[in-house]
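Here the structure comes first, spelled out in structure tokens, and everything after it is commentary.
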Amino acid sequence: MTQRRDYSRGRRPVGRQAPWMTTALAALCLLAPVGAARADSGDITEFAGVGIASAILTVPYAACKILYAGTGSVIGGFTWILSGGDTDAAQSVWEHSLYGTYVITPDHLRGLKPVRFSGRPRHRDDGNAP
């Protein structure tokens with residue numbers, strides 16, 4: 001017979017706290033760049049704050065980007081196989097998924113550099129350009 005736990009005394013099971021912590025972390029991630037973008041670079045505490053914020057934001061961002069890049073590399077491989085070895089078709093998938101920003105830097109938070117989750121294809125000279 002399974003015993004039921006009494007949570008009526010204010011104790012919560014651990015799994016029920018995770019959605020609140022995830023929501024709080026997401027809100028912090030969304031609000032941190034706004035405050036960091038307004039900061040002057042002259043004060044050492046603001047400089048350190050932007051550096052710490054970029055390090056904290058890089059962790060979830062890089063995890064998502066690496067998952068996206070890994071999935072894109074697999075899909076690009078399938079594209080190459082299913083297209084009969086067409087490297088240009090696979091390369092178009094790989095360029096969008098593998099290129100782009102992997103690490104959030106203070107310049108990204110200040111708005112000096114764009115954050116590109118999906119990569120931009122590199123210009124290839126195909127002979128059709130004027």
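The values are calculated or read from the model by the stated rules, or taken from the named source; none is laboratory data. Note that the structure is a prediction, hence the values are computed from the model and not measured. Neighbour counts are summed over all protein chains in view; Cβ atoms, including those assigned to glycine, are modelled from backbone coordinates with ideal geometry.
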Residue in the stretch 95-102 that is touching a helix residue (DSSP H, G or I) at 6+ places or on another chain (Cβ under 8 Å), in a helix (DSSP H, G or I), surrounded by 12 or more Cβ atoms within 10 Å (Cβ to Cβ) and β-branched (Val, Ile, Thr) present: no
Residue match in the stretch 74-97 (condition: closer than 15 Å to residue 119 by Cβ, at pLDDT 90 or above and in contact with a Leu (Cβ under 7 Å, 6 or more places away or on another chain)): no
Qualifying residue in the stretch 36-53 (condition: among the aromatic types (Phe, Trp, Tyr), surrounded by 12 or more Cβ atoms within 10 Å (Cβ to Cβ), at pLDDT 90 or above and part of a helix (DSSP H, G or I)): no
Those residues of the stretch 58-76 which are in contact (Cβ under 8 Å) with a residue 24 or more places away in the chain and crowded, with 16+ Cβ neighbours inside 10 Å, in sequence order: 58, 61, 65, 68, 69, 72
